[in-house]
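The values are calculated or read from the model by the stated rules, or taken from the named source; none is laboratory data. Note that this is a predicted model, so its numbers are computed, not measured. Note: ideal-geometry Cβ built from the backbone for every residue, glycine included; neighbour counts use all protein chains shown. Accessible surface areas use protein heavy atoms only, side chains included; no ligands, DNA or RNA. Shrake-Rupley method; radii C 1.70, N 1.55, O 1.52, S 1.80 Å.
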Amino acid sequence: MQDAFFTGNIIMEEYEVIILGGGPAGLTAGIYLSRAKVKTLIINEGIIGGQMSLTHEIANYPGVPNISGYMLSRTMQKQAESFGCKVISNAKITSYKFADKLKSVELAGKGSFSAKAVIIASGGKSRELNVPGEKEFAGRGVSYCATCDGDFFQDKEIIVVGGGNSALEEAVALTQYASKVTVVHEFDYFQAHKKAVEEATSHPKIDFILNSTVSAFYGLQSLEKVTVKNLKSGEEFEKKIDGVFIFIGYVPQTEPFIDIVKLNERKEIIVDNTMMTSVSGVFAAGDCIEKRFRQITTAVSDGTKAALYAIEYIQK
Ligand SMILES: Cc1cc2nc3c(=O)[nH]c(=O)nc-3n(C[C@H](O)[C@H](O)[C@H](O)COP(=O)(O)OP(=O)(O)OC[C@H]3O[C@@H](n4cnc5c(N)ncnc54)[C@H](O)[C@@H]3O)c2cc1C
């Protein structure tokens, strides 16, 4: 094997850049790097496409109106591979060594891979309620993204679950589509800043069910009703509804990097304006970094920048 060498008794396959994560950020970095003839490997723990692949319909990706997340993921993967990028999916990573000039990762059953630079594009996921029917109706009435799915609920009645900034701000934003928005929140106080609370509580289209949560989702082809449970009395009642948006927190997938690169208090990776983390030669992009807006377009933009700065770094 030409670009491989032995360390002790392990075969170490060598690349110029390794990308950890095959969502839109990682795939875009793979496209830019491999097209620039940089020997690139994408290692993805889940299925290719990340959160994007979970999306039934994407209506806001410029130039490609109404495409399924699965198709967009496949198209991006094929594009990267057409320039020579290697992709390993459903990988189980057992170790990360980023301190030395040559960075390396070890994969269960696949040996070790090294590179001069690494791009972490591990993404994240929205915190779920973990109640019956939630997964079943994800994308069919249950959503975690108002920007993505709001206009699918024009003149419909919807519920927003949560009481923090994103829940109350998105509840107000969703009133431009929905005929009525009901905020269901587990406490009788909000964890949002004053302005968000005032705007939501004074909005004519928004009402509130407090000290409560959504305990189950029902429907056939799509969501038709939920049960709402009062967490103080334990009482439950059914509510006919067209859509439920869940904003109860976001979990960046940065657990493996806690002792490797600097994270902020929300466990998001801190990067400088060259997308480099606190470790030289380790870059980061997409939903896993400290940022305000998490969209496919912003992940693609981060992936582009991280790739171009990584090229500058390896050519230094
Ligand atoms: C249900 C839903 C609908 C959405 N709809 C839209 C929409 O319509 N329009 C829009 O613009 N945005 C939408 N978004 C948001 C968008 O999908 C994300 O902003 C985008 O996917 C982030 O891309 P990413 O590459 O940073 O991360 P992700 O898409 O999260 O991909 C990260 C990948 O890295 C893998 N991974 C994690 N840890 C590791 C590791 N240590 N090593 C290797 N691989 C790892 C994960 O398995 C995953 O495959 C939606 C999100 C959700 C959840």
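Residues checked against (1) under 30 Å from residue 231 (Cβ atoms); (2) among the β-branched types (Val, Ile, Thr):
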position	(1), (2)
63	no, no
79	no, no
87	no, yes
93	no, yes
104	no, no
160	yes, yes
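Let's see how each residue does on (1) within 14 Å of the ligand (Cβ to nearest atom); (2) of a type in the set (Ser, Thr, Tyr):
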residue	(1), (2)
222	no, yes
228	no, no
245	yes, no
278	no, yes
309	no, yes
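Is it the case, given these coordinates, that residue 47 is farther than 21 Å from residue 106 by Cβ, buried (at least 22 other Cβ atoms within 10 Å of the Cβ) and either away from the ligand (no atom under 13 Å from the Cβ) or of a type outside the set (D, E, K, R) (or both)?
no
What number of residues within the stretch 219-237 satisfy the criterion of being among the charged types (D, E, K, R), part of a strand (DSSP E or B) and out of contact with any Lys or Arg (no Cβ under 6 Å at 6 or more places or on another chain)?
Total meeting the criteria: 2.
Check 240, 194 and return the single one that is touching a residue at least 60 places away in the same chain (Cβ under 8 Å), farther than 16 Å from residue 131 by Cα and open to solvent by 60 Å² or more (accessible area, probe 1.4 Å).
Sole residue among the options that is touching a residue at least 60 places away in the same chain (Cβ under 8 Å), farther than 16 Å from residue 131 by Cα and open to solvent by 60 Å² or more (accessible area, probe 1.4 Å): 240.
For the stretch 142-218, which fully contained strands (runs of 3 or more DSSP E) count at least 2 residues that are under 23 Å from the mean Cα position of the chain (by Cα)?
157-161
May I ask you to verify whether residue 124 is farther than 28 Å from residue 308 by Cα and not hydrophobic (A, V, I, L, M, F, W, C)? Step through it out loud before you land on a result.
Numbers: farther than 28 Å from residue 308 by Cα: no; not hydrophobic (A, V, I, L, M, F, W, C): yes.
It is false that residue 124 is farther than 28 Å from residue 308 by Cα and not hydrophobic (A, V, I, L, M, F, W, C).
Name the residues in the stretch 276-287 that are in contact with a strand residue (DSSP E or B) (Cβ under 8 Å, 6 or more places away or on another chain) and in contact (Cβ under 8 Å) with a residue 60 or more places away in the chain, would you?
277, 281, 282, 283, 284, 285, 287
Within the stretch 270-286, can one find any residue that is assigned to a helix (DSSP H, G or I), touching a helix residue (DSSP H, G or I) at 6+ places or on another chain (Cβ under 6 Å), at pLDDT 95 or above and open to solvent by less than 20 Å² (accessible area, probe 1.4 Å)?
Yes - at least one qualifying residue is present in the stretch 270-286.
If you go through the stretch 288-296 one residue at a time, do you hit one that is more than 13 Å from the ligand (Cβ to nearest atom) and either in contact (Cβ under 8 Å) with a residue 24 or more places away in the chain or in contact with a strand residue (DSSP E or B) (Cβ under 6 Å, 6 or more places away or on another chain) (or both)?
Step one: filter the stretch 288-296 for residues more than 13 Å from the ligand (Cβ to nearest atom), giving none.
The answer is no; no qualifying residue exists.
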